[in-house]
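Asks: Dumping the structure here so I can ask a few things about it.
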Ligand SMILES: [Zn+2]
C-alpha cells in the first residue's frame, strides 16, 4: 500500500470514520472518542485503526 495515499480509517473503539493520509507526520486521534489512531514512526505511520478505503 502506498502510504502517501489518502485513506479512510475507522476507529476500533467507537466506529467513527475519518479520512487521513497513510503517511502521517502528526498523531491522528479519533474525533469521536479521542483515542490515538495513527502515530508517525520512522517516516511511516503506525496505524491502529481499521482501514476502510484507500483513495486512488
Ligand atoms: Zn473512536
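Asks: Exactly one condition in (1) surrounded by 12 or more Cβ atoms within 10 Å (Cβ to Cβ); (2) touching a residue at least 40 places away in the same chain (Cβ under 8 Å) is false for residue 55; which is it?
Replies: Here residue 55 clears every test but (1).
Asks: Same structure again: If I ask for residues that are within 8 Å of the ligand (Cβ to nearest atom) and surrounded by 17 or more Cβ atoms within 10 Å (Cβ to Cβ), which ones from the range 6-23 would you list? Show your work before the answer.
Replies: Within the range 6-23, the first condition is being within 8 Å of the ligand (Cβ to nearest atom), and the residues that meet it are 11-16.
Correct list: 11 only.
Asks: Find the residue count for the range 40-50, including only residues that are more than 14 Å from residue 19 (Cβ to Cβ) and surrounded by 15 or more Cβ atoms within 10 Å (Cβ to Cβ).
Replies: 1
Asks: Let me ask something else about it. Within the range 24-35, restricting attention to residues that are surrounded by fewer than 14 Cβ atoms within 10 Å (Cβ to Cβ) and under 16 Å from residue 7 (Cβ atoms), which residue is nearest to the chain's Cα centre (by Cα)?
Replies: That would be 27.
Each value in this text was obtained by applying a stated rule to the coordinates, not by laboratory testing. Predicted model only: the values in this text are computed from it and were never measured. Heads up, the Cβs are rebuilt from the backbone with ideal geometry, glycines too, and the neighbour counts pull from every protein chain shown.
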